[in-house]
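Visitor: I'd like to ask some things about the structure below.
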Amino acid sequence: MQKEAIRFDDTARAFASKSTKELRKSHFLFSTMGHPWMVKTGVFMTNLALTLRLPVKGMIRRTLFDQFCGGESITDCQHTIDHLAEVKVHTILDYSVEGAGDEASFDAACDEIVRVAEYAKTHKAIPFVVVKPTGIGSIEVMTRAQTGAPLSPDDTQALANMKGRLHRLAEHARSNGLQFMVDAEESWIQDVIDDMVEELMAEFNTEKPIVFNTYQFYRHDALARMKASIEAARKGGYHVGYKLVRGAYMEKERERAEKLGYSDPIQPDKASTDRDYDEALTYCMEHIDRVAICAGTHNEKSAQLLVDLLEEKDLAKDHPNVYFAQLLGMSDNISFLLADMGYNVAKYVPYGPVQKVLPYLFRRAEENTSIAGQSGRELTLVKKELKRRKSA
Ligand SMILES: Cc1cc2nc3c(=O)[nH]c(=O)nc-3n(C[C@H](O)[C@H](O)[C@H](O)COP(=O)(O)OP(=O)(O)OC[C@H]3O[C@@H](n4cnc5c(N)ncnc54)[C@H](O)[C@@H]3O)c2cc1C
């Protein structure tokens, strides 16, 4: 059968919903982010200005925040949600505030996600709620638990609280007809998270996939762990849901492994990460009766592979178990093209008060300089479209 090759560089179609003004703004931002020294200086100056209480909020809001965030509150994001829905892209509201790291801040973050679930109940364009585990549980306690260090009664209570919060969120997702995704974190706490999410999947996914875990294929053990999870689900008679990503903390992982003298959990090279990511997509599609996936990627080859797999298996483009997902402000060409062609697509839409989402925004800016080609990729497409519009 002739496979459908997606023209990810069809900028007229990919950016049809973007005004020329918006594209010019993205052009400015991605050109700036292409220069690592500018990002470093910008991050330093912004932190300094905030320390000196200088009024930089407006400037941040008009640049990085507008590109990568939906708003400061849930209702503030409505405009973005509507805009995405118009081009058939779903929204995953991502509360991106890094809290104080105490039990009160974990409860507050959990309450906020419950509010997202309540809001999503009446908005068809929001199919998932998502949580970042370190937003609702202590990284120190998880680290101790994973290494088998003795746990104090407070530690044991903290872990029980975190488990309770995850359970509460899964319950809210289920009762509001949503799916619930748990982000992946650093390898030294991920086993603790995996155990908790596996338990939730066994409890909540008996009839259909509601709870999703995340696997990062820059880890050389991810494919084997994911296969074992599918095997456990088959034996246990429940469904599983996975967000499949390459992984966001590579430098941090390598540095820690070297410093503490344990073997590096990361793949030896990018090609190995790509190979395992694509193999995971293929394997999940072979088990699609029991597995639901959300391919969280900006990689065009992987997106094309998933399109091909759906076609090969003669499955509907909008099969309920298959989602593509990208971050707001990145790889719009993949999101908008696939959505226009009838595939299920969602954007992670981070939100929160400007000052509190700064760590997220700085990570995005740094990622766009450090990932070879990402900002170049974005810039080339935006440039191409601006040129096309000028000559049209
Ligand atoms: C919707 C969505 C949700 C996400 N959720 C999470 C999450 O929960 N947890 C998380 O960790 N990340 C998450 N990410 C980020 C993701 O892990 C990647 O960092 C990012 O998407 C870039 O990878 P890519 O698949 O888009 O492709 P590419 O741009 O093709 O690949 C870049 C990635 O390849 C890997 N890589 C690069 N160089 C090497 C090397 N030398 N050796 C080995 N591997 C290498 C790294 O993982 C790097 O990020 C999410 C991304 C999206 C789009």
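Visitor: Which is within 23 Å of Met250 (Cβ to Cβ) and crowded, with 19+ Cβ neighbours inside 10 Å, of Tyr360, Tyr323, Tyr283?
Guide: Tyr360
Visitor: So, in region 318-360, how many residues would count as being within 14 Å of the ligand (Cβ to nearest atom) and among the charged types (D, E, K, R)?
Guide: Residues in region 318-360 being within 14 Å of the ligand (Cβ to nearest atom) and among the charged types (D, E, K, R): 2 in total.
Visitor: Suppose the filter is in contact with a Pro (Cβ under 6 Å, 6 or more places away or on another chain), part of a helix (DSSP H, G or I), β-branched (Val, Ile, Thr) and within 16 Å of the ligand (Cβ to nearest atom); does Ile193 pass it?
Guide: It is true that Ile193 is in contact with a Pro (Cβ under 6 Å, 6 or more places away or on another chain), part of a helix (DSSP H, G or I), β-branched (Val, Ile, Thr) and within 16 Å of the ligand (Cβ to nearest atom).
Visitor: Restricting the search to region 249-277, which residues are buried (at least 16 other Cβ atoms within 10 Å of the Cβ), under 23 Å from the mean Cα position of the chain (by Cα) and aliphatic (A, V, I, L, M)?
Guide: Correct list: Met250, Ile266.
Visitor: Could you please give the count of residues in region 141-185 that are closer than 26 Å to Val240 by Cα and in a helix (DSSP H, G or I)?
Guide: 21
Visitor: For region 276-290, check the following and say yes or no: at least one residue is touching a residue at least 24 places away in the same chain (Cβ under 8 Å), of a type in the set (D, E, K, R) and within 8 Å of the ligand (Cβ to nearest atom).
Guide: No, the conditions are met nowhere in region 276-290.
Visitor: Let me ask another. Kindly indicate whether Asp154 is of a type outside the set (Lys, Arg) and either in contact (Cβ under 8 Å) with a residue 12 or more places away in the chain or within 19 Å of Ala295 (Cβ to Cβ) (or both).
Guide: When the stated conditions are applied, Asp154 does not pass them.
Visitor: For residues that are in a helix (DSSP H, G or I) and touching a strand residue (DSSP E or B) at 6+ places or on another chain (Cβ under 9 Å), scanning just region 203-230, find the one that is surrounded by the most Cβ atoms within 10 Å (Cβ to Cβ).
Guide: Per the criteria, the residue is Ala222.
Visitor: Still on this model: Within region 219-266, take every residue that is more than 14 Å from the ligand (Cβ to nearest atom) and in contact (Cβ under 8 Å) with a residue 60 or more places away in the chain and give me the one that is farthest from Gln326 (Cα to Cα).
Guide: Taking the candidates together, the pick is Arg256.
Laboratory data are not the source of any read-out in this text; all were calculated from the coordinates shown. Here the structure is a predicted model, which is why all the values come from computation and not from measurement. A quick note on method: Cβ atoms are made from the backbone with ideal geometry, for glycine too, and the neighbour counts reach across all protein chains shown.
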